[in-house]
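This report concerns only the one structure given below.
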Amino acid sequence: MADTYSQIYIQTVFAAQNRNALIGISWEEELFKYITGIVQNKGQKMLSINGTADHIHFFIGMKPSCCLSDLVREIKKSSSSFVKDKGFCKSRFSWQEGFGAFSYSYSQLNDVIKYIENQKQHHAKVVFKEEYLSFLNAFEIEFKNDYLFEWI
């Protein structure tokens, strides 16, 4: 779009099916690079990506023409196939339905990037469920427990 200027920064969070610890440390970097490629091929800018064995975070600079739901759907579908095709996971790999998306201002970029880069250290102290609920509460997002990720 000509003469359209924007600053849209979104952190997206989603978990492996049933929050199973399926993402292997030996291949997570390849997965993150693959997801980064999807984001870039869709014309968006990857600012940071990281996670733990059961979930990932990615932070993008997003164009206003991007439909975030479509982007996340493509990431989940393609990355699940990528993991399967590469034989990375011994069991069936898939992502849970749904995702969290949280917007930030330009002044918060460095803090969010550092937060994502330090996921493994962060989750040595805080479990994913607590983290996710803290995002929902901090951003004052109304939710029903019945519609959150499957907590097993």
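Data overview
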item	result
Strands (runs of 3 or more DSSP E) fully within the range 26-135 counting 1 or more residues that are hydrophobic (A, V, I, L, M, F, W, C) and without any contact (Cβ under 8 Å) to a residue 24 or more places away in the chain	45-51
In the range 44-98, the residues that are buried (at least 18 other Cβ atoms within 10 Å of the Cβ), over 17 Å from residue 34 (Cα atoms) and of a type outside the set (D, E, K, R)	62, 96
Selection from the range 1-25 of residues that are surrounded by fewer than 16 Cβ atoms within 10 Å (Cβ to Cβ), not in a helix (DSSP H, G or I) and not β-branched (Val, Ile, Thr)	1, 2, 3, 5, 6, 7, 21, 24
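All of the numbers you see were taken from the coordinates with simple rules; none came from a lab. Treat the numbers as computed from the prediction; the structure is a model and nothing was measured. Positions of Cβ are backbone-derived with ideal geometry, glycine not excepted, and every protein chain shown enters the neighbour counts.
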